[in-house]
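First up is the structure itself, then whatever we jot down about it.
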Amino acid sequence: MNTHAKPSKLIKGATGDWEVVIGMEVHAQVTSKAKLFSGASAEYGGEPNTHVSLVDAAMPGMLPVINEECVAQAVRTGLGLKAQINLRSVFDRKNYFYPDLPQGYQISQYKSPIVGEGIVTVDVSPSEQIAVGIERLHLEQDAGKSLHDQSATESFVDLNRSGVALMEIVSKPDMRSADEARAYVTKLRTILRYLGTCDGNMEEGSLRADVNVSVRRPGEPLGTRCEIKNVNSIRFIGQAIETEARRQIDIIEDGGKIDQETRLFDPGRGETRSMRSKEEAHDYRYFPDPDLLPLEFDQAFVDGLAAHLPELPDAKKARFITQYGLPAYDAGVLVADRETADYFEATVSHAGKPGGAPRDAKAVANWIMGDVAAYANSIGSPVAQTHLQPAQIAALVDLIGDGTISGKIAKDLLAILITEERDGDPYAIVEKRGMKQVTDLGAIEKVVDAIIAANPDKVAQALAKPSMLGWFVGQVMKQTGGKANPQAVNDLLKTKLGL
Amino acid sequence: MSVDQATVRRIAHLARIKVADEEVPHLAQELNAILAFIEELSSVDVEGVEPMTSVMPMQMKLRADVVTEGGEADPIVANAPAVEDHFFVVPKVVE
Amino acid sequence: MGFPSPASGRREKPDLLKKELSLTDVTELSLAEARDALVKKEISAVDLAKAQIGAIEQARALNCFIVETPEKALAMAAQSDARLASGDAGPLEGVPLGIKDLYCTKGVQTTAASHILKGFVPTYESTVSANLWRDGAVMLGKLNLDEFAMGSSNETSYFGPVTSPWRRSGSNVRLVPGGSSGGSAAAVAARLCYGATATDTGGSIRQPAAFTGTVGIKPTYGRCSRWGIVAFASSLDQAGPIARSVRDAAILMRSMAGYDPKDTTSVDVPVPNYEAAVGASVKGKVIGIPKEYRLDGMSAEIEKLWAEGIAWLKAAGATIVDISLPHTRYALPAYYIVAPAEASSNLARYDGVRYGLRVPGKDVADLYENTRAAGFGKEVRRRVMIGTYVLSAGYYDAYYVRAQKIRTLIKRDFETVFADGVDAILTPATPSAAFGVGEKGEADPVEMYLNDIFTVTVNMAGLPGIAIPAGTSSEGLPLALQLIGRAFEEETLFSLASVIEQSAPKIELPPKWWA
Ligand SMILES: [Mg+2]
Ligand SMILES: [Zn+2]
């Protein structure tokens, strides 16, 4: 699976080419109401220590009881990653001391995770697809949060996050560039959002990546890796990889050696640095949590969840290509966001005028990916959440399709729908504002004849240089207020000028 | 297997228990006495035996995804030695 | 061998109930008798509580209680009297009990006998103690124990050792009550409460019961909820009662037991009326006698006690068979891997941040190390370190995994004999009678650990076990037998234990030298 990078992905060093090898551990917060092992709220935010149960605060004698929805979410995610679902898994304690880890251990899954190997297909570019292997997915508790900037001498601990369910999704070291890594996280996030198992909100920390980076000469065995902890945006993931790969190459080329260590990416300085506090040799003393029995369920439980899984991006993309005849690129762009894909389908399938021609799906895709997306972008909103309704876009496309308006007029129409008549009916607007294009050949011919008669010099030029035709078209459109059918104008001009 | 003084210090640190230098030799001796006692187990044939995970054979029950606890910080911090604005307070942690 | 007639059993006090009960007299009642007297309105719950409060005040020399809660007791007793009057009394209505200070009690300091839980006042009530209050019991206070239940003599308590009410004949030497439930056992033996909660991880109910001439049962793992009980070793810990008689233990068990959705390891099976099993026929029951419990150098008096127990059960119609539990000898060493390992992790939460003792340090790690060094006693530190060691990188498989495999083998031993038709197993409860304070374990911790040699297998296999007083040592100290049952068949144990109780010679507590 993608074991060697294409030459274009190699990094130039002073002594030759280098290949960067990337694997990722993504922590995705499970979408649930309550925490993994307690009945406290898993909601983001809240006053300090209010989303905390006695279990989360590790009060003496407290015991964990697992949340069934978190288990179901992990299984759904495993199915979405085409992964092995383990009908028996075990929770272990990972022991270490830290102020935001109240129990002195994190309940995690070490030897027997709930989900085993799977695969994610990633579009790195319109022309390049890679497969990234999934090593495993396990359930574990999140830690609390320490605030370090409230006081010069003290840290403040809030346990609201403590015990929130996380899925740690571990990839195989199958990525060979920052672009691939970014595309992988993007795709993973899309899958999680489709499944509804994680909201993918990186600002709120619902999705965080630990990035393992190593470099090697092409074809050689894996080099020593460094783990860059908790990178919290897709852009930073790319930057962190590039800087870290460069740092490692420089060290090796200077005759140095890479120390396996945990590092932190500092976006402000654009560098990674060693995490001194985590430097000390870890000995987590994993052992099965004696407060919990093994987690067991049957295949029927898995099948029940599989039966209710939504259509996932890869399947949707394939369907868009076959069902709507879209190019792979368009289909890929549309399915990247589930709501956009739904918006597209709602637009395509919206009822048109009775007896109207079938709607051109490619045209719908073009409008959504083009002008509609541009508008959505300008107001910082996803496409599906703008005020523009699929019915309006459908009407707009139909108006072009049956020749009522030209593509150019359609842009004006969209502008009107965005500004003056936000919930307007495109048919009514076109009617009311006289935006219909002129298709009456007689009327267009009169205008064409008049312009030819008035500009003999231009006619002479055009005979020598056929590209002058554009000038005539412009004149006709100007005189018809842009409403003349451009094809008809072209045809008439060509005939009359003898081109 | 027996523990030397360096190991005693390492374990004590892993367990976050301060030990004074003068305690170390004695602790090593005590731990070795216990380790000698449990050493007997190495003679047992455990080939093919499953380690026990749950002493009573049963399936783990799961809880419904319902918020039933929390909402109030006071009982959470009620016993804390140092509290500020409902936060637990510890000496500054350097990351 | 002469068998005493049932009439000489120590629960018979008909003359006492006939006349007006004096406050000292009532402390001599069994729990069952006190309960019945309350229901018949022969005594009030408040009077009963007052009598016990008085007895506790006089017995401070024994150091049984870490916290006495007399006001709470009187208030709860007054409520019990009201419920008794209105006719909605619970099965334990008005009965004063002591609670091992390992159980979290809402609004009442809970320490696990450790300095590290200094001043900790839970905002919650353990499930088992809540069950007792639900059934009408009255709380007298929190009972002393070995720190975090780690010990067999109650000498590791931060609050000082408990002294047993027992003395060797003609001696003033202070004896240990056993441990870790030493406060529970001593308080019950000294008539300071009608019963007490206890916990048993490797013998911590049965060994102190054996040392103090009381009855202690460790139920099947999962029978009682562990929620709200300070954890020592999660896979071994189990709550149970220490009581004055088999019947009393059965009554307490019924209230303490039950499925708790807050404890994933608690088992959802109905709780029977254990008291009904007391006195039931044991005819035809098959009792296994395991040869591996016949230790080299076992004392003659323990041998004799065991033989007597066999004879009593045979006389009651039980069939005695010789059995083998081949992995018995590995139980104690395996226990000293599993229990410290789990403890090292369970005790990680005591870090000076959210509750209890805090000893400042230059940074967080230093604060942890200072707090835990000052907060944990010697034995706890030792076990946490052993537990940390056996789980650490490179040793986990050799120690922990191997010990858990041996647990499987130990459990299999029991399953095999039960499958062969054995209903219960009879063994001595302890290798000796109680010893003096400071006599054991100073030089070698393992010497103390050997106290649990007969009891620990039961925890490793999750089975129920009961200790019943069965005789006295040459020095006049109580000795006990242990019965081990099939999982969730505590009723069989109560039936068999009551045969032993009725058959054994009555053992007399020395006069109240402490009062
Ligand atoms: Mg990780
Ligand atoms: Zn993780």
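Which of the residues that make up the stretch A:41-67 are touching an Asp or Glu at 6+ places or on another chain (Cβ under 6 Å) and more than 8 Å from chain B (Cβ to nearest Cβ)? Hits for the stretch A:41-67 are A:Y44, A:L63, A:P64. For the stretch A:116-128, the criterion of being within 16 Å of ligand 1 (Cβ to nearest atom), in contact with a Gly (Cβ under 8 Å, 6 or more places away or on another chain) and not hydroxyl-bearing (S, T, Y) is met by none of the residues. Applying the criterion of at least 1 residues that are surrounded by fewer than 22 Cβ atoms within 10 Å (Cβ to Cβ) to the strands (runs of 3 or more DSSP E) found wholly in the stretch C:399-515 leaves C:465-472.
If you check C:G462 against the conditions, is it in contact with a helix residue (DSSP H, G or I) (Cβ under 6 Å, 6 or more places away or on another chain), within 14 Å of chain B (Cβ to nearest Cβ) and among the small types (G, A, S)? No: the conditions fail for C:G462.
State yes or no: is A:K9 at positive phi, more than 14 Å from chain C (Cβ to nearest Cβ) and more than 16 Å from ligand 2 (Cβ to nearest atom)? No, not satisfied. Residue selection: A:Y343 fails the criterion of being among the hydroxyl-bearing types (S, T, Y), more than 24 Å from the chain's Cα centre (by Cα), under 27 Å from A:V185 (Cβ atoms) and at pLDDT 95 or above. For the stretch C:82-121, the set of residues classified as surrounded by 20 or more Cβ atoms within 10 Å (Cβ to Cβ), away from chain B (no Cβ under 14 Å), on the phi < 0 side of the Ramachandran plot and of a type in the set (G, A, S) consists of C:A89, C:G98, listed by residue number.
Return the only residue of A:A83, A:A72 being more than 14 Å from chain C (Cβ to nearest Cβ), more than 30 Å from C:Q109 (Cα to Cα) and outside any loop (DSSP other than H, G, I, E, B). Working first, answer last.
Numbers: A:A83 fails: outside any loop (DSSP other than H, G, I, E, B).
Of A:A83, A:A72, the one residue that is more than 14 Å from chain C (Cβ to nearest Cβ), more than 30 Å from C:Q109 (Cα to Cα) and outside any loop (DSSP other than H, G, I, E, B) is A:A72.
A:M175 meets all of the listed conditions (1) away from chain C (no Cβ under 14 Å); (2) over 30 Å from C:K362 (Cα atoms); (3) within 15 Å of ligand 2 (Cβ to nearest atom) but one, namely (3). For C:R381, the conditions (1) facing chain B (nearest Cβ under 7 Å); (2) touching a residue at least 40 places away in the same chain (Cβ under 8 Å) are fulfilled apart from (2). Only one entry in C:G309, C:G288, C:G297 is out of contact with any Cys (no Cβ under 8 Å at 6 or more places or on another chain), closer than 26 Å to C:N451 by Cβ and part of a loop (DSSP other than H, G, I, E, B), namely C:G297.
Taking A:G45 as the residue in question, decide whether it is more than 16 Å from ligand 1 (Cβ to nearest atom) and within 26 Å of A:E180 (Cα to Cα). Working first, answer last.
Values: more than 16 Å from ligand 1 (Cβ to nearest atom): yes; within 26 Å of A:E180 (Cα to Cα): no.
So A:G45 fails the test.
The numbered conditions (1) among the basic types (K, R); (2) part of a helix (DSSP H, G or I); (3) over 18 Å from B:A12 (Cα atoms) are all true for C:R354 except (2).
Does A:E168 fit the bill of being without any contact (Cβ under 8 Å) to a residue 40 or more places away in the chain, in the same structural domain as A:I241 (by TED's automatic domain parsing) and either of a type in the set (D, E) or within 16 Å of ligand 2 (Cβ to nearest atom) (or both)? Considered against the rule, which asks whether it is without any contact (Cβ under 8 Å) to a residue 40 or more places away in the chain, in the same structural domain as A:I241 (by TED's automatic domain parsing) and either of a type in the set (D, E) or within 16 Å of ligand 2 (Cβ to nearest atom) (or both), A:E168 comes out as no.
Can you find, within the stretch C:236-264, the residue that is nearest to the other protein chains (Cβ to nearest Cβ) among those that are β-branched (V, I, T) and under 20 Å from the mean Cα position of the chain (by Cα)? Explain how you work it out, then say what you get.
We begin by selecting, within the stretch C:236-264, every residue β-branched (V, I, T); these are C:242, C:246, C:251, C:264.
Narrowing further to those that are under 20 Å from the mean Cα position of the chain (by Cα): C:242, C:246, C:251.
Values: C:I242: 20, C:V246: 25, C:I251: 24 Å.
Here the answer is C:I242.
In this structure, does A:Q106 turn out to be within 16 Å of ligand 1 (Cβ to nearest atom) and among the polar types (S, T, N, Q)?
Details: within 16 Å of ligand 1 (Cβ to nearest atom): yes; among the polar types (S, T, N, Q): yes.
Criteria met by A:Q106.
Table: residues versus (1) in contact with a strand residue (DSSP E or B) (Cβ under 9 Å, 6 or more places away or on another chain); (2) in contact (Cβ under 8 Å) with a residue 60 or more places away in the chain.
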site	(1), (2)
A:V302	yes, yes
A:P310	no, yes
A:A315	no, no
A:L334	no, no
A:R338	no, yes
A:A341	no, no
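Run down A:G219, A:G205 and say which single residue is on the phi > 0 side of the Ramachandran plot and either away from ligand 2 (no atom under 16 Å from the Cβ) or outside the structural domain of A:G80 (by TED's automatic domain parsing) (or both). Working first, answer last.
Details: A:G205 fails: either away from ligand 2 (no atom under 16 Å from the Cβ) or outside the structural domain of A:G80 (by TED's automatic domain parsing) (or both).
Answer to the selection: A:G219.
Condition test on A:S8, is it more than 16 Å from ligand 1 (Cβ to nearest atom) and modelled with pLDDT of 95 or more? Write out each step before concluding.
Working: more than 16 Å from ligand 1 (Cβ to nearest atom): yes; modelled with pLDDT of 95 or more: no.
Criteria not met by A:S8.
Taking the stretch A:133-154 as the range and being under 20 Å from B:F87 (Cα atoms) and more than 16 Å from ligand 1 (Cβ to nearest atom) as the test, the residues that pass are A:G144, A:K145, A:S146, A:L147, A:H148, A:D149, A:Q150, A:S151, A:A152, A:T153, A:E154.
A quick yes/no check of all residues on (1) within 30 Å of A:D56 (Cβ to Cβ); (2) out of contact with any Lys or Arg (no Cβ under 8 Å at 6 or more places or on another chain); (3) of a type in the set (A, V, I, L, M, F, W, C):
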site: C:E308; (1), (2), (3): no, yes, no
site: C:K314; (1), (2), (3): no, yes, no
site: C:Y330; (1), (2), (3): no, yes, no
site: C:V338; (1), (2), (3): yes, no, yes
site: C:A343; (1), (2), (3): yes, no, yes
site: C:D351; (1), (2), (3): yes, no, no
site: C:V359; (1), (2), (3): yes, yes, yes
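Taken as a whole, the structure leaves A:K111 outside the set of residues that are in a loop (DSSP other than H, G, I, E, B), more than 16 Å from ligand 2 (Cβ to nearest atom), assigned by TED's automatic domain parsing to the domain that holds A:A300 and more than 27 Å from C:C224 (Cα to Cα).
For A:R225, indicate whether it is in contact with a Ser or Thr (Cβ under 7 Å, 6 or more places away or on another chain), within 14 Å of another protein chain (Cβ to nearest Cβ) and away from ligand 2 (no atom under 16 Å from the Cβ). If you could, list the steps in order and put the result at the bottom.
Details: in contact with a Ser or Thr (Cβ under 7 Å, 6 or more places away or on another chain): yes; within 14 Å of another protein chain (Cβ to nearest Cβ): no; away from ligand 2 (no atom under 16 Å from the Cβ): yes.
For A:R225, the condition - in contact with a Ser or Thr (Cβ under 7 Å, 6 or more places away or on another chain), within 14 Å of another protein chain (Cβ to nearest Cβ) and away from ligand 2 (no atom under 16 Å from the Cβ) - is not met.
Of all residues in the stretch A:215-257, which are of a type in the set (S, T, N, Q) and away from ligand 1 (no atom under 16 Å from the Cβ)? Listed by number, the residues that qualify are A:T224, A:S233, A:Q239, A:T243, A:Q248. C:A373 meets the conditions (1) of a type in the set (A, V, I, L, M, F, W, C); (2) touching a helix residue (DSSP H, G or I) at 6+ places or on another chain (Cβ under 6 Å); (3) within 7 Å of another protein chain (Cβ to nearest Cβ) in every case but one. The failed one is (2).
The values are calculated or read from the model by the stated rules, or taken from the named source; none is laboratory data. Here the structure is a predicted model, which is why all the values come from computation and not from measurement. Every residue, glycine among them, receives a Cβ derived from its backbone with ideal geometry; neighbour counts consider all protein chains shown.
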